[in-house]
Amino acid sequence: MLRTLSRRLALSVPLFFVVTFLTFVLMALTPGGVSATILGTSATPAKIAELNRQLGLNRPILVQYWDWLSDAGHGNLGNSVVNNEAVTRLLGDGLPVTLSLIVGAVVVAVVLGVPLGVLSARRARTGGQVVDALSLVGYAVPNYFLGIMLGYLFSNVLDVLPASGYTPPAVSLSGWFESITLPVLTLGLPGAALLARQTRQSMIEVLGRDYIRSLRARGISEPVIVYKHALRNAMGNVVTLLGIYVVGLLLGTTLIETVFAMRGLGSVAVTATSQHDLPVIEGAALYFTIIVVVAFVLVDLIRAWLNPKLRSQ
Amino acid sequence: MRTPVPDAEPARPRRWRRSLTGPSWLAIVAAAVLLLLIVAAVFAPWIAPYKPTVNELGDAYQTPSLEHLLGTDEFGRDLLSRIIYGGRVSLIGVAEAVGVFVVLGATLGVVAGYVGGLVDTVVTWVADVFFALPGIIVILATLSILANNITAAMLLLGVLGAPALAVFMAGATKTVRAEPYIAAARVTGLRTRQILVRHVVPQVIAPLTVQVSLFAGAALLFQTGLDFLGLGTQPPQPSWGAMVNDGASHLGRDLWMVVPPGAVVLLAVMSLGLLGDALQDLRRGRLRAPAPVNTHAYRARTDRDEPDARAVAASAEPETVLAVRELSVATEDSGRTPIVDNVTFELRAGSCLGIVGESGCGKTMTALAVIGLLPDGVTTTGGSVTFAGKDLIGGAPRSYRTVRGSGIAMISQEPVANLDPSFTVGAQIAEVVRRHAHVRHKQAYQEALRLLTQVRLPDAKQVAKRYPHQLSGGMAQRVVIAAALAGRPKVLIADEPTTALDVTVQAEILQLLRELRRETGLAMILVSHDWGIIADSCDAAVVMYAGQVVEESAISQMFEHPRHPYSEGLMRSNPYYALNTRAQLPSIRGSVPRLGDWPLGCRFAPRCGYATEECLTAQVELLSVDTGHWTRCIHSDQVAAPGEVLAS
């Protein structure tokens, strides 16, 4: 248990460095760099060199990286080169949006996907075909396309949900719920299909195990066998897939925040990308990495809780 | 524990017989769709009806018509033509990503898998880090520097995906490497490179194609996603992602513009997914191609005109706890291959009945049919199982539910595999107690502790807290027995209960079962291939061959004088009998016939030393040779006791 966690954390350390250093190196490779962006059309080589010197961008890259790291350690991620806003504030505003979407999507995926997978495992043939078809569509549908279609249906046609924007829960809880419903469904429905497929496969595998037959031979009732014994043993793989799904959601939220015009981490990063606003991207890289690490630690904890073999390791 | 990757090949339902089918029509359609999209993109200038970037403002916002099959956009540009041309950036992008993915991932993987050791460790470690890497942010950072450089983004995507492939391929390579012919190739002095190219690579191509098609789908979604965000292909150049975005900004006017490009992406990715599934199925099929099933007419007749003579003779005497009559089991598929054929026996209260035979004779299937737990694809096709006066097979569908655990219980071969790995021993036994006795949790747990003591486990309290993986085989089998006894059953079916255990432990478990029978008056059906075990534990025995009962009698009678050549052969090949002689341990020549391939006459005739012409032509009924002694042999008077045979 402790070993699992410490291994996960040990792997996370290089992950932080790989991601942040990679983005940093890319930053340094930029022709003209940040200064060219700040100066915009008035940039001349002389002016760029001058600004680089002022900003300390002419120092060796490792020195710059060290500075960034120690600043980051003190909670300072620098300022946006576009509007000089603090990166921590910019991203701090986006974080609740993105977290709302990720948590919401995971909830939708689990609440819809796992029961569907269990039910279809019980009706092997037809259930399998339905779940296979759904998961194929779930895998294939571009989520920006699904988002637009859902937005059109529920907002333009039915006019029951807002098509864009984000309402913080502090402002209005119902408003928050309405504002995230469509994006969460857009992200969560394909996830539900993927989870259903994994749940189904794992359930079928577990239900074929010897101990399930033994439980039946001992007279344990079928619902108890399915929902207490088989489901618990099948959930390990499902939880693992959930971790991978969360990593994928970072791309998903980036697209969906754009579709639904929400200022989350992803859309802030996309705007920064088109504006060459590197400090913001660097900060977003850090935030994304933290989200991934937290997700994987949670996955490890849940798996260990489910599986005594992992716990005793 | 390393980063968990979900099973690369999740288990599918175990079917009794799976047929090897070619690619489904869906896979063919998918391949055709992909081919069409690729050809259209490559030959766009010749195929597209309009130029993709020429504005015809007069034709703006059209819905499909003969002139514009998919309608037009806000500049009056033909959507079909833009989709045909737009496929080009997607095609190139996906090709770039897949190229890097394959070259990097497969090479690293095959080398790591073949060389193993440090290289493998490093690759796994790097993959673990990359696995959790939020790739989108790295690619966004790249695009912020190399503005709109979709090539760089897609190449990077390939790099980011490669370690996962490397780990997968390393696994596949390790499997191939373990094959004997690789060792043989090494011994004959082939160079590593030659072995890799000639022997390893061809074997791992198949799993690779599956991964590639799935990755290509993800890459296409990614590429169109970047175009959708406006980070890739720039207007007025057409691209599927940008077209969706373009359409989205005119939603207020009409939804249509979004549909064709979105649907094309959906269709393309779906086709890649279907192709991946089909490749996977093909591969599985090849790996587990079923044994061809012989369907020629030379098959045993299973439906009888007359009832089994013995079934009529055996009347339900009061002391009989379990009566099995003319029980038949067959596969559920169209072939209806018989597995168990008209088996009849009965079990008296407190007694032990042995079922003996080689593997594939239907012993276990008989046992499973008795407790109503046949595997999927196999079903009871006739007969009855009467317990406590009720027919379980012909009776209400729920009748088994009231009987299992409290009436009939079962233990089987692999003790650890028969315990749920996620719950403690105590919890699992207490659950059974609660199910049958309706007591409180605490009482149930106390009863579980008592049961653990009853199966002679020292320190029951400690054992109760353990998980199955913390038990030895012998302990686990005691726990399994305790769980089986928890419902206070009258009958225990023990299917090869000691086969998976060490010899010393075997004796202990058999001793325990004998003692428990004495203490509780439990009747037992003991399934075994080992005459020694049967002789020590049972009062009577049923010998099964090719799905049939071939001999039945009290155990002493059977050993004194077996009346079926198969029983005799089994006894003679038992080491127990060979101890006194210097002769080589004899074995029965030939092997058990395959399911559904049973000879027409006496099923044992092809392996039998006594067989005559008569044996080959007509089925043999069970014949009474002595009181309570039945045999399915017309030459039973010639069969000698093994002791006599060996002495001569």
Original post:
Rounded to whole Å and sorted largest first, what semi-axes of the equivalent ellipsoid does the C-alpha gyration tensor of the stretch B:36-287 yield via the square root of 5 times each eigenvalue?
Top reply: 43, 19, 14
Subject >> Dipole magnitude (debye, nearest 20) for the stretch B:412-488, charges at Cβ of Lys, Arg, Asp, Glu >> reply: 320 debye
Original post:
What longest range of chain B stays clear of loop-exposed chymotrypsin sites (Phe, Trp or Tyr not before Pro) (DSSP non-H/G/I/E/B, at most 14 other C-beta within 10 angstrom)?
Top reply: B:299-648
**OP:** Let me know the longest stretch in chain A that avoids all trypsin sites (Lys or Arg not before Pro) found in a DSSP loop with at most 16 other C-beta atoms within 10 Å.
**Re:** A:124-262
Original post:
If you look at just the Cα atoms of chain B, how large are its Rg and its Dmax in Å?
Top reply: 34.1, 109
**OP:** Would you calculate, for chain A, the mean residue ellipticity at 222 nm contributed by helices, counting each DSSP H stretch of 4 or more residues as -39,500 (n - 2.57) and dividing by all residues, to the nearest 500?
**Re:** -25500 deg cm²/dmol
**OP:** Just need the relative contact order of the stretch B:36-287 here, percent rounded to a whole number, with Cα pairs under 8 Å and 6+ apart.
**Re:** 21 percent
Subject >> Magnitude of the charge dipole, chain A, Cβ model with Lys/Arg +1 and Asp/Glu -1, debye to 20 >> reply: 1660 debye
Original post:
How many nm is it between the label spots at B:S359 and B:D637, if each spot is 7 Å from the Cα in line with the beta carbon?
Top reply: 4.0 nm
Original post:
Given H placed on each backbone N at 1.01 Å, which residues far from B:I493 in sequence or on other chains put an amide H within less than 5 Å of it?
Top reply: B:A409, B:M410, B:I411, B:I525
Original post:
What helices does chain A have that are whole DSSP H segments, at least 30 Å long along their own axis by Cα, and with mean Kyte-Doolittle hydropathy of 0.5 or more?
Top reply: A:2-29, A:87-122, A:173-207, A:231-259, A:278-306
Original post:
What residues qualify as long-range amide H neighbours of B:V329, i.e. H under 5 Å apart, gap of 5 or more or another chain, H built at 1.01 Å from N?
Top reply: B:I339, B:V340, B:D341, B:N342, B:T381
Original post:
For A:G78, what charge total do you get from the other residues with a beta carbon under 9 Å from its beta carbon, if Lys and Arg give +1 and Asp and Glu give -1?
Top reply: -2
Subject >> Where trypsin sites (Lys or Arg not before Pro) fall in DSSP loop in the stretch B:118-211, at most 12 other Cβ within 10 Å >> reply: B:R191
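Average partner chain C-beta neighbours within 10 Å, per residue of B:463-476?
Working: counts 0, 0, 0, 2, 5, 3, 4, 3, 0, 0, 0, 0, 0, 0.
So the per-residue partner count for this stretch is 1.
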**OP:** Tabulate in residue order the Karplus-calculated ³J(HN,Hα) for the stretch B:112-124, using 6.51 cos²θ - 1.76 cosθ + 1.60 with θ = phi - 60°, rounded to whole Hz; enter x for Gly and Pro.
**Re:** 4, x, 7, 6, x, x, 4, 4, 4, 4, 5, 4, 4
Original post:
Hey, if you put +1 on the Cβ of every Lys and Arg and -1 on every Asp and Glu Cβ in the stretch B:39-144, which of B:Q62, B:T107, B:G135 ends up farthest toward the positive end of that dipole?
Top reply: B:T107
**OP:** Averaging sequence separations of C-alpha pairs under 8 Å and six or more residues apart, then dividing by the length of chain A, give the relative contact order as a whole percent.
**Re:** 28 percent
Original post:
When only C-alpha pairs under 8 Å and at least 6 residues apart count, what is the relative contact order of the stretch A:149-286, in percent?
Top reply: 22 percent
Subject >> Charge sum, other residues only, whose C-beta stays under 12 Å from B:Q470's C-beta, Lys/Arg counted +1 and Asp/Glu -1 >> reply: +4
Subject >> Pairs of Cα atoms farther than 46 Å apart, the protein assembly as shown, % >> reply: 44 percent
Original post:
Please identify the GluC sites (Glu not before Pro) of the stretch B:593-628 that satisfy two criteria: DSSP loop assignment and at most 10 other Cβ atoms within 10 Å. Which are they?
Top reply: none
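Exposure proxy check: B:I84, A:I302, B:I205, B:I136 ranked by fewest other beta carbons within 10 Å?
By the 10 Å Cβ count, ascending: B:I205, A:I302, B:I84, B:I136.
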Subject >> Pairs beyond 25 Å (Cα-Cα), from A:K309/B:K465; B:K465/B:K490; A:K228/A:K309 >> reply: B:K465/B:K490
Subject >> Cleavage-rule hits, trypsin sites (Lys or Arg not before Pro), the stretch B:476-560, DSSP coil, Cβ neighbours within 10 Å at most 15 >> reply: none
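Since every read-out is calculated from the coordinates, none of them should be taken as a lab result. Predicted model, so just to flag it, every value in this text is computed and none were measured. So basically every Cβ, Gly included, is an ideal-geometry build from the backbone, and we count neighbours across all protein chains shown.
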